[in-house]
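Participant: Structure provided below as structure tokens; questions to follow.
The values are calculated or read from the model by the stated rules, or taken from the named source; none is laboratory data. Because the structure is predicted, anything quoted here is derived from the model rather than measured. With ideal geometry, Cβ positions are generated from the backbone for all residues, glycine too; neighbour counts draw on all protein chains shown. These area figures cover heavy atoms from the full protein model, side chains too; ligands, DNA and RNA do not enter into them. Shrake-Rupley method; radii C 1.70, N 1.55, O 1.52, S 1.80 Å.
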Amino acid sequence: DGGITQSPKYLFRKEGQNVTLSCEQNLNHDAMYWYRQDPGQGLRLIYYSQIVNDFQKGDIAEGYSVSREKKESFPLTVTSAQKNPTAFYLCASSGQIGTEAFFGQGTRLTVV
Amino acid sequence: GIQVEQSPPDLILQEGANSTLRCNFSDSVNNLQWFHQNPWGQLINLFYIPSGTKQNGRLSATTVATERYSLLYISSSQTTDSGVYFCAVGNYGGATNKLIFGTGTLLAVQP
């Protein structure tokens, strides 16, 4: 099936550790995005990528890093510099930036 | 940047009732999407509607870009319609090269 796959669904991290969230798409989309959602709120953009080997900071990039070495993959690393990482993380893709975006099922990250 | 306001913030309906959700935005957009977030957190695409009117079954949407608002209509609501509805807008190639979300409308449909 075509779509966007995020893994894992649930992730627990100890304070001070870096963790990487996976996002893979087989839709042949050029653009990919990472959003963060906190309880009762909308989504805020962390990073986005319009094309392989290129990415841009969103509104809340501090404490996060990304890479885009392959068209299909856009992993997000939550570093120890992110002071409040507990949240729901959603990955999306679109054919080009600005066209209809589709989302994965999300990763729920909890710091313990 | 563009501000996105959704109303009402919360809505409780009896099964079978109709409803209208509104999305206002503060600047020109060339991308507008409506999503339904289910209880498991997944965002389901409802409409990609930067302008005009679209219908899909019991749901329809209208965007009046010149007046900077969009409406989502839900007719004959069902309990499975419950969840959060988000509007998201973007102005790609302009000042806001990203998809900006409103804070959503929480809909509860009671049997």
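Participant: Read through the list (1) over 25 Å from residue B:37 (Cβ atoms); (2) under 15 Å from the mean Cα position of the chain (by Cα), then give the number of the only condition that residue A:14 fails.
Facilitator: (2)
Participant: Still on this structure, please answer the following. Residues to consider are B:48, B:69, B:85, B:92; find the one that is aromatic (Phe, Trp, Tyr), away from chain A (no Cβ under 12 Å) and touching a strand residue (DSSP E or B) at 6+ places or on another chain (Cβ under 7 Å).
Facilitator: B:69
Participant: Further, regarding this structure: Just to verify a result, which residue in segment B:51-69, among those that are touching a Leu at 6+ places or on another chain (Cβ under 9 Å) and either of a type in the set (Asp, Glu) or crowded, with 16+ Cβ neighbours inside 10 Å (or both), is modelled with the lowest pLDDT?
Facilitator: Per the stated criteria, the residue is B:65.
Participant: Please count how many residues of segment B:9-44 are of a type outside the set (A, V, I, L, M, F, W, C), at negative phi and open to solvent by less than 40 Å² (accessible area, probe 1.4 Å).
Facilitator: Of the residues in segment B:9-44, 6 are of a type outside the set (A, V, I, L, M, F, W, C), at negative phi and open to solvent by less than 40 Å² (accessible area, probe 1.4 Å).
Participant: Let me ask something else. If you go through segment B:25-42 one residue at a time, how many are within 29 Å of residue A:10 (Cα to Cα) and at pLDDT 95 or above?
Facilitator: Of the residues in that region, 5 qualify.
Participant: For segment A:96-112, how many residues are facing another protein chain (nearest Cβ under 9 Å), open to solvent by 30 Å² or more (accessible area, probe 1.4 Å) and not charged (D, E, K, R)?
Facilitator: So the answer is 5.
Participant: List, please: which pairs have Cβ atoms under 7 Å, are six or more places apart or on different chains, and start with a residue in segment A:29-46 that is under 22 Å from residue B:6 (Cα atoms) and end with one that is acidic (Asp, Glu) and not in a strand (DSSP E or B)?
Facilitator: What qualifies is A:44/A:59; A:45/A:59.
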